[in-house]
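Here the structure comes first, spelled out in structure tokens, and everything after it is commentary.
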Amino acid sequence: MKINIAKVLEEKLREHLKPSYLEVRDDSHKHQGHVGWNKEGQTHFHITVVSDKFNGYSKIDRHRIINKILEDEIAIIHALSIKASISSELS
């Protein structure tokens, strides 16, 4: 049975970050023909996450936190883009 990587990413981020907003998007279709792409998808992902657990952390540190949470999945996908914010930055 094939795992749904987007669902796994979402579950882990929800568990660890308790976000007020989370979008995990499989953008693999946008990279057809590029290195790392395959016809089954699940190679290129974009994450937008808003969590106050990032409060006090720089943008680089927020990415590091996400990379640590998702280290097993990052090892098997080709690309991950991240937008990580806290709620006060959205005003």
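The values are calculated or read from the model by the stated rules, or taken from the named source; none is laboratory data. Worth saying up front: this structure is predicted, and the values here are computed from it rather than measured. A quick note on method: Cβ atoms are made from the backbone with ideal geometry, for glycine too, and the neighbour counts reach across all protein chains shown.
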query = Can you name the residue in the stretch 32-68 that is of a type in the set (D, E, K, R) and in a loop (DSSP other than H, G, I, E, B) and is also modelled with the highest pLDDT among such residues?
reply = E40
task = Just give me the residues in the stretch 76-91 being closer than 11 Å to F54 by Cβ and exposed (fewer than 12 other Cβ atoms within 10 Å of the Cβ), in sequence order.
result = S88, E89
note = Of (1) modelled with pLDDT of 95 or more; (2) acidic (D, E); (3) surrounded by fewer than 17 Cβ atoms within 10 Å (Cβ to Cβ), E10 fails just (3)
note = Looking across the stretch 67-91 at residues that are in contact with a Lys or Arg (Cβ under 7 Å, 6 or more places away or on another chain) and not β-branched (V, I, T), the single one that is nearest to P19 (Cα to Cα) is A84
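Counting only residues that are among the β-branched types (V, I, T) and without any contact (Cβ under 8 Å) to a residue 40 or more places away in the chain, how many does the stretch 66-75 have?
Filtering the stretch 66-75 for residues among the β-branched types (V, I, T) gives 66, 69, 74.
This time we only want the ones that are without any contact (Cβ under 8 Å) to a residue 40 or more places away in the chain, so: 74.
Of the residues in the stretch 66-75, 1 are among the β-branched types (V, I, T) and without any contact (Cβ under 8 Å) to a residue 40 or more places away in the chain.
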remark   = Taking the stretch 45-64 and keeping only residues that are without any contact (Cβ under 8 Å) to a residue 24 or more places away in the chain and under 16 Å from L22 (Cβ atoms), one is left with R62, H63
remark   = Per the filter on the stretch 77-91, residues over 16 Å from E10 (Cα atoms), not small (G, A, S) and not in a helix (DSSP H, G or I) are H78, I86
